[in-house]
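The values are calculated or read from the model by the stated rules, or taken from the named source; none is laboratory data. Everything numeric here is computed off the predicted structure, so don't read it as measured data. So basically every Cβ, Gly included, is an ideal-geometry build from the backbone, and we count neighbours across all protein chains shown.
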Amino acid sequence: LLCASGGCLEQGELQRRLRGQFTAEQVKLVLRDSQQFTLVRRPGEAGTGAVATVAVATSPVRLCQEYGVGCEGQCGRLHLCKYHLKGLCRNQRARKECKFVHNFHSDHNLCVLKQYGLECLNSDELRQLLLQNDPSLLPEVCMHYNKGDGPYGSCTYRKICTKLHVCQYFLQGQCRFGRSCKRSHDLFKSECYEKLERQGMSANVIEKLPSIYRNMYDIKNGNRNTSDIEDAKSSPCEVKKHSSSRESSTTDGGESEQICLYHLCRSCNFKDKCIRTHFHLPYRWQISDGNTWKDLKNMEEIEKAYCDPNNTRFNNGVTESGSLLSCISFVNMCCGFAKVRRLSTASSVTKPPHFILTTEWLWYWKDEYGLWQEYGKKDGNHAAATISSEDLEKAYIAKSSPKLNFKAGRHEYELNFGAMMQKNLRYTTEREICRRPKFVSQREVEEAKSRGFKDTEEFKGIPPHWDKSALPQLGFKLIELDSSSEEYKKVKVDFQRTMPKTVIKRICRVQNPSLWELYQWQKEQMQKINGGKAVDERFLFHGTSKKYIDAICQQNFDWRICGLNGTVYGKGSYFARDASYSDNYCREDLLAKTMFLARVLVGEFTLGNSSYVRPPLKDNQNFYDSCVNCFTNPSIFVIFEKQQIYPEYLIEY
């Protein structure tokens, strides 16, 4: 009913249409299922000042991103031509055969739809549901256009920008200026329409986009219960807005929800440009009021309860203003109709051992007595599994396979990450599994911060030519090279190979033990995946502005902050074989330019594409390591994982 009515209906209208079939209380009970419905408050009829509760059709069903490039059909996602879904498949229009499925109810798709209880929806209803729930299907709104003055706001790409130049608040149904708004509200304006048509949007779908974007925004920002929520007070951190979804949003630029380790441990040189959350704890509990995320007051109590796998809820949540909340559900991550989220630092398995305050995740299975047992630990009644929490976390983070086999005593098991179940392969009995963090109190956080990172002598593999008196526990030191040294001459030759007439003022070596160990750790991981073979490692140039130098030296390259000059071959950090190419991206500052010469683990590469947010699959399980502009003779490399980069030299000229 909702999908046939534009994806949403006011709750009162929904109850009216279902009168005689369900009571009002039954409808309210059904609508509490956050997997299928999102309840939001929207303005009622114009001029009345009333607010109506609206039910928005919600679903976790998605299109398979690997369809056509290696998916064997075990993905649990729809195999469908995305252009047909958007209404404008060029092959169909030209009466050519499309290699992708156009049937929403094919055998594979029907199995997927049945898993989500959607098999009764027709094609138009499924189209509506998918478009407003799957963020990968809609083009991004340009955030730079929505800031600044002029016809293009602060967008430097102007007419060649690939994102939509349209008012973000209009698409969210929240623009206060209406027709007097200085941002465009017209998706049929030639600039927007051409971009949408190139993405396969039909005129019929474009006409519905404002309501689709609004529904998507409300689904993402959640079930509202504003009576329980107060504004968060100032805290010893910088408060930022972040997406509630683990998937990248079409309107917020896909910013990370991780807590910044550098800010937590000492300081972050990216400051307000950092895409991670700045907070004083390695975890942060928040509740949504429908527009913004608000801190909960008793975070340590909530965290302690969450870390115990026996707890599925917490009954004493308190807002910063002191308001007592109803029960917080750890299963659905909600509090009544309001969404709740937990932000945290990076998983400990993604960082070298010397990093502090990463999040250590523990994995448990529920035994026949209803007790939670940690993997790899032996108790009186059960044999220890051949895998530990660390092994499971690595497999979970890698996402290389949805299942993992292991043994415990004489029994063999299959663990399914998607279903969060383990199955005995002989008796087919299934047990529930769960993943919870190891509890760290605020006092333990302060103690860890005062101890800092491990002593410098514990850093592994520091190059012998580094200045041992300049090895900070956290951060970096710039060591100016002697112009007569072999190290200086080697960098100079590489730089002047394509810029022979340029005068070098100085060359500095970047000494950052933490980044170096992270780089070496990544190199070891790539070698293991490569069967022990050496990884293709190159020295490549990167031009940037002087204002980003300290941040790069401290935390490495981040394309979302200092790599916005282009995404022709993918959304990552760009490096060049030739200094002359990178020189085009160096901004002159006080009569000098600066350029990095970085060590880069390019590994196995393939031709890039502007749509890539990571390298594509090279086989059924493994991805390429990087992308390039030309496979046979590459001069531009795109790196998506910053652990594959070490900013080794800084050249001033």
Sole miss for TYR152 among (1) hydroxyl-bearing (Ser, Thr, Tyr); (2) closer than 30 Å to LEU31 by Cβ; (3) modelled with pLDDT of 85 or more; (4) within 28 Å of the chain's Cα centre (by Cα) is condition (2)
Criterion violated by LYS490 - all others in (1) outside any helix (DSSP H, G or I); (2) surrounded by fewer than 21 Cβ atoms within 10 Å (Cβ to Cβ) satisfied = (1)
Output yes when any residue across the stretch 83-101 is in contact (Cβ under 8 Å) with a residue 60 or more places away in the chain, among the aromatic types (Phe, Trp, Tyr) and crowded, with 20+ Cβ neighbours inside 10 Å, and no when none is.
-> yes
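What number of residues within the stretch 508-541 satisfy the criterion of being out of contact with any Cys (no Cβ under 7 Å at 6 or more places or on another chain) and touching a residue at least 60 places away in the same chain (Cβ under 8 Å)? Write out each step before concluding.
Taking the stretch 508-541 and keeping what is out of contact with any Cys (no Cβ under 7 Å at 6 or more places or on another chain), we get 508-509, 511, 513-541.
Going one step further and asking which of them are touching a residue at least 60 places away in the same chain (Cβ under 8 Å), we end up with 508-509, 514-523, 526, 529-530, 535-540.
Selection size over the stretch 508-541: 21.
This table checks each residue for (1) exposed (fewer than 14 other Cβ atoms within 10 Å of the Cβ); (2) in contact with a strand residue (DSSP E or B) (Cβ under 9 Å, 6 or more places away or on another chain); (3) polar (S, T, N, Q).
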position: THR359; (1), (2), (3): no, yes, yes
position: ALA383; (1), (2), (3): yes, yes, no
position: ALA395; (1), (2), (3): no, yes, no
position: SER401; (1), (2), (3): yes, no, yes
position: ALA408; (1), (2), (3): no, yes, no
Scope the stretch 406-443; condition without any contact (Cβ under 8 Å) to a residue 12 or more places away in the chain and assigned to a strand (DSSP E or B); matching residues | GLU414, LYS423, GLU430
Test: CYS111 is closer than 30 Å to GLU197 by Cα and not polar (S, T, N, Q) = no
Mind listing whichever residues of the stretch 421-453 are touching a Cys at 6+ places or on another chain (Cβ under 7 Å) and modelled with pLDDT of 90 or more?
-> ARG436, PRO437, LYS438, PHE439
Test each condition in (1) surrounded by 14 or more Cβ atoms within 10 Å (Cβ to Cβ); (2) modelled with pLDDT under 85 for ARG506 and report the one that comes out false.
-> (2)
